[in-house]
Amino acid sequence: MPIYVLASMTGFCTWAPGGLKGHVLGSLLLLPRALARALGEEIGWRGFLFPQLRQRCSFPVASLVTGFVWALWHFAVIVQGGYLDAAQVPLSLALVFFTLGLVGQSFLYGWLRERSASVWPAALFHGVFN
């Protein structure tokens with residue numbers, strides 16, 4: 001989210017989340033909600049699933065599996081149009097690119113989880129990204 005604030009403040013784009021016109025104010029109001037939602041997910045993904053997989057398999061395999069499960073978790077919302085305008089992007093393409101994005105993020109978040117022995121760094125990155 002900080003990159004969107006910076007881009008809108010420099011005039012590269014306009015951004016009005018939820019109808020809020022104050023870019024910085026809008027970000028500050030949405031950030032706690034995004035962090036709370038991300039923490040809820042990360043408790044499951046990096047707090048439980050990833051460590052369980054790491055006990056049985058390598059880091060790359062645990063990251064891939066966690067990323068694919070994480071992506072599948074979001075498919076219902078994507079299919080129902082919860083993340084994008086279906087008229088602009090074909091559903092199959094949206095699912096492919098969303099999956100690739102989450103699998104990639106899963107490697108970063110898994111690395112953060114492993115290096116810190118905490119779910120908090122992954123939750124913070126996830127929340128700010130959202």
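Values as computed for the structure displayed
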item: Inter-site label distance for L91 and R115 at 7 Å from Cα along Cβ, in nm; result: 3.9 nm
item: Charge tally in the Cβ shell below 14 Å around H126, where Lys, Arg are +1 and Asp, Glu are -1, H126 excluded; result: +2
item: Inter-part distance where segment 70-130 and segment 26-58 are each reduced to a Cα centre, Å; result: 11 Å
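Quick note: the coordinates plus some simple rules give every number you see, no bench work behind them. Since the structure is predicted, the reported quantities are computational estimates derived from the model, not experimental observations. Here Cβ is always computed from backbone atoms with ideal geometry, including for glycine, and neighbour counts include all displayed protein chains.
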